[in-house]
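Structure record follows, encoded as structure tokens.
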Amino acid sequence: MPTLLQLDASPLETSVSRELGREFVSNWKASHPDGSVIYRDLAHKTPAPIDQAWIGAVYTPSDQHTPDQRVLLAPSEALIQELEAADEIVIGVPMHNFSIPSSLKLWIDQVVRVGRAFSYGAEGPKGLLQNKKATLLVASGGVYSDGPAASLNFVEPYLRTILGFIGITDVRTVNVAGVSKLMSGAVDRVTLLQPALQQIRTDAAVSAI
Ligand SMILES: Cc1cc2nc3c(=O)[nH]c(=O)nc-3n(C[C@H](O)[C@H](O)[C@H](O)COP(=O)(O)O)c2cc1C
């Protein structure tokens, strides 16, 4: 049974990335009638920051974990198991301060664990979560497609790097840039989102073939 893991990270009810996520999931369900969706709303149920005790537990061999360490790592285990179960991942990503929202970074910190998401071998680090596809649904106030502004966009380079590090290299991105134009009234929401929503529908139709 195909499984999709959907992550949302926008704190806003009027979120653009959440709207793209809803469109993605409805298309995915239509093309995977026997599939199941695991949903995580990181903005409303935010993973805990990692601390000294957590790091100590991660670097203790699992057969030597104390009961307290097992409890401490349980949320991380649950998030990793969801990722392991998924054939596909879709992440709604609002740009915050030129990068990803802190709730998504906390999810990454909980998931990117040595021995679970990556390992070190003779040839360096190796991602352990292979054969998965990811789609990033990115919304930003500004436009970063080219010119000097492109170097200020840390969202996509970072997410591609960290997903690649854990073995997820098949990554597509759908962007809605220039969301700040909605505030000034320079463009309306339907017009601004239409190309991204169409891209999601087209990608779903192509991958269903
Ligand atoms: C706290 C915060 C920080 C933001 N930082 C940036 C930024 O650095 N660059 C940018 O282009 N837009 C920035 N924006 C605008 C958002 O990227 C834009 O509103 C986008 O639509 C957010 O995605 P969402 O609608 O899914 O929440 C910021 C918005 C918020 C709320």
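Listed by first and then second residue, the pairs with beta-carbon distance under 8 Å, at least 6 apart or on different chains, first residue in the range 143-165 and closer than 30 Å to SER119 by Cβ, second assigned to a helix (DSSP H, G or I) and modelled with pLDDT of 95 or more, are ILE162/ILE108.
Of all residues in the range 89-106, those being within 12 Å of the chain's Cα centre (by Cα) and surrounded by 21 or more Cβ atoms within 10 Å (Cβ to Cβ) number 10. Checking each residue in the range 152-194 for being within 21 Å of HIS96 (Cα to Cα) and among the polar types (S, T, N, Q) picks out ASN153, THR161, THR173, ASN175, SER180, SER184.
Of everything listed in (1) under 18 Å from THR161 (Cβ atoms); (2) in contact with a helix residue (DSSP H, G or I) (Cβ under 6 Å, 6 or more places away or on another chain); (3) among the hydrophobic types (A, V, I, L, M, F, W, C), the single unmet condition for VAL114 is (2). Criterion applied to SER207, SER180 was being surrounded by fewer than 18 Cβ atoms within 10 Å (Cβ to Cβ), modelled with pLDDT of 95 or more and either under 15 Å from LEU20 (Cβ atoms) or not β-branched (Val, Ile, Thr) (or both), and the one residue passing it is SER180.
Candidates ILE55, ILE50: the one that is over 20 Å from ARG172 (Cα atoms), over 18 Å from the mean Cα position of the chain (by Cα) and touching a residue at least 60 places away in the same chain (Cβ under 8 Å) is ILE50. The listed residues are SER36, SER62, SER26, and the only one of them that is at pLDDT 95 or above, among the hydroxyl-bearing types (Ser, Thr, Tyr) and under 24 Å from ILE80 (Cβ atoms) turns out to be SER36. Only one of (1) basic (Lys, Arg); (2) closer than 30 Å to GLU82 by Cβ; (3) surrounded by fewer than 16 Cβ atoms within 10 Å (Cβ to Cβ) is not met by ARG160, so which one is it? With (1) basic (Lys, Arg); (2) closer than 30 Å to GLU82 by Cβ; (3) surrounded by fewer than 16 Cβ atoms within 10 Å (Cβ to Cβ) applied to ARG160, the lone miss is (3).
Within the range 138-157, the set of residues being surrounded by fewer than 17 Cβ atoms within 10 Å (Cβ to Cβ) and either within 11 Å of the ligand (Cβ to nearest atom) or under 30 Å from ILE80 (Cβ atoms) (or both) comprises GLY141, GLY142, VAL143, ALA149, LEU152, PHE154, PRO157. Just checking, does the range 67-86 include any residue being over 14 Å from the mean Cα position of the chain (by Cα), more than 20 Å from LEU20 (Cβ to Cβ), among the β-branched types (Val, Ile, Thr) and more than 16 Å from the ligand (Cβ to nearest atom)? Yes, the range 67-86 contains a residue that is over 14 Å from the mean Cα position of the chain (by Cα), more than 20 Å from LEU20 (Cβ to Cβ), among the β-branched types (Val, Ile, Thr) and more than 16 Å from the ligand (Cβ to nearest atom).
The values are calculated or read from the model by the stated rules, or taken from the named source; none is laboratory data. What you are looking at is a predicted structure, and each value in this text was computed from that prediction instead of being measured. Neighbour counts are summed over all protein chains in view; Cβ atoms, including those assigned to glycine, are modelled from backbone coordinates with ideal geometry.
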